[in-house]
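Presented below is the structure to which this report refers.
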Amino acid sequence: MKALIQRVRGARVEVAGEIVGAIDQGLLALVGVEPQDNLASVAKLLHKLLNYRVFSDADGKMNLSLKDVGGGLLLVSQFTLAADTKSGLRPSFSSAAAPALGAELFEQLVELARQQHPQVATGRFGADMQVHLVNDGPVTFLLES
């Protein structure tokens, strides 16, 4: 699994003009699932999402995690993260998980996140979503499980 994370001051996801998920300060995670991913991948990625130190401490150093600052976590499925872009000028999606597996593992990620963190919001799997965010920094990292 992959997650492109952005430290945000706020973020929301809309589907057909309706806000389906929103957070204030925290992390926006765009999540891609690959065919070899499994429950262990889900658990490892969630551990990183909750504990990766991207928030500033009193000295301005990135020493605090999402758990430390009590921020929100906005999880958005994005199969394009698993695309193969190494050759040509058009992405190949053969390296992305099939939709059924992607949906299953993404939902497991959401369920586990809600068990371990108080503020979790999501987009809608497979929907045409509009993601609005204020990137704080900007700070953006690609995490892999």
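What to note about this one:
- Test set (1) in contact with a helix residue (DSSP H, G or I) (Cβ under 9 Å, 6 or more places away or on another chain); (2) assigned to a helix (DSSP H, G or I); (3) not hydroxyl-bearing (Ser, Thr, Tyr) - Leu30 fails condition number: (2)
- Set Leu64, Leu4, Leu81: member being more than 21 Å from Gln115 (Cβ to Cβ) and free of Cβ contacts under 8 Å to residues at least 24 places away in the same chain: Leu64
- Enumeration of residues in region 91-124 that are closer than 18 Å to Leu45 by Cα, in contact with a Gly (Cβ under 9 Å, 6 or more places away or on another chain) and touching a residue at least 40 places away in the same chain (Cβ under 8 Å): Ala96, Ala97, Gly102, His117, Pro118, Gln119, Val120, Ala121, Thr122, Gly123
- Annotation: of all residues in region 75-115 being polar (S, T, N, Q) and outside any loop (DSSP other than H, G, I, E, B), the one that is surrounded by the most Cβ atoms within 10 Å (Cβ to Cβ) is Ser77.
- Residue, surrounded by the fewest Cβ atoms within 10 Å (Cβ to Cβ), within region 31-61, restricted to residues that are among the acidic types (Asp, Glu) and in contact (Cβ under 8 Å) with a residue 60 or more places away in the chain: Glu34
Every number in this text was worked out from the coordinates using simple rules, so none of it is lab data. On a predicted model such as this, the values are computed, not experimentally measured, just so you know. Cβ: placed from backbone, ideal geometry, glycine included. Neighbour counts: every protein chain shown.
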